[in-house]
1. Can you tell me the 0 to 90 degree angle between the C-alpha axis of helix A:53-63 and the longest principal axis of chain A, rounded to 10?
2. In whole Å, how far is the Cα centre of the stretch A:42-66 from that of the stretch A:7-32?
3. Let me check against my output: what whole-number percent is the relative contact order of chain A, with C-alpha pairs under 8 Å and at least 6 apart?
4. To test your reading of the geometry: what angle, between 0 and 90 degrees and rounded to tens, separates the Cα axis of helix B:19-30 from the longest principal axis of chain B?
5. Output the Kirkwood hydrodynamic radius of the protein assembly as shown, Cα pairs only, in Å rounded to one decimal.
6. With chain B treated as a Gaussian network of Cα nodes joined by springs under 10 Å, which of B:Ala57, B:Ala69, B:Ala41 yields the largest mean-square fluctuation?
7. For the pair B:Glu22/B:Ala3, report the inter-label distance in nm, with labels modelled 7 Å from Cα in the Cβ direction.
8. Got the A:Asn36 label distances to the other copies yet, label 7 Å along Cα→Cβ, in nm, shortest first?
2 protein chains.
Amino acid sequence: MTAFTATVTVRLKRGVLDPEAETTQRSLERLGFDLNDLRSADVFELDLDADSADDAAERAEEMAERLLANPTIHDYDIEVAQAE
Amino acid sequence: MTAFTATVTVRLKRGVLDPEAETTQRSLERLGFDLNDLRSADVFELDLDADSADDAAERAEEMAERLLANPTIHDYDIEVAQAE
């Protein structure tokens with residue numbers, strides 16, 4: 001077993017309203033910053049032991065499907081790196 | 001002016017309690033997943049026009065300092081890429 005870190009990034013699907021991101025963008029604009037768009041995402045870094053990077057990615061995907069993301073409104077992607 | 005996307009990742013500093021991450025980890029364990037640790041982070045993707053990648057990074061850093069991160073409890077890092 002090797003130690004891996006799987007990074008799961010959970011984003012709202014295009015077209016799903018994100019009032020928090022809109023508020024953040026407006027607050028930045030009120031502070032004088034000029035920006036075209038702001039999107040927010042949640043990241044989960046999972047430390048786990050697995051036989052291979054593929055195995056770690058598969059388990060992270062299962063966790064995303066079961067709990068971390070809501071497939072109705074979220075997209076997610078997964079990156080796996082061997083833990084240092 | 002070129003269009004850039006600056007990705008600001010905001011993490012809790014080591015030692016700062018993260019009850020939400022602990023709850024998520026426990027929920028995953030209750031679902032039968034085995035993991036050593038779970039950390040969460042917030043990501044902001046900022047679309048902005050700037051003269052150079054350095055200029056975009058500098059402005060993203062200012063936004064992190066002023067609003068996106070709380071320097072008392074957060075660390076952040078910034079990656080800039082030219083928008084497609």
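1. It is inclined by approximately 60 degrees.
2. 26
3. Values: 120 pairs, mean separation 44.8, N = 84.
Relative contact order, chain A: 53 percent.
4. It is inclined by approximately 50 degrees.
5. 17.1
6. Evaluated over chain B, the most mobile residue of the options is B:Ala41.
7. 4.4
8. In nanometres, ordered from closest: 4.1.
The numbers here are math on the coordinates, done by the rules we state, and not lab data. Keep in mind that this is a model prediction, so the values were computed, not measured. Positions of Cβ are backbone-derived with ideal geometry, glycine not excepted, and every protein chain shown enters the neighbour counts.
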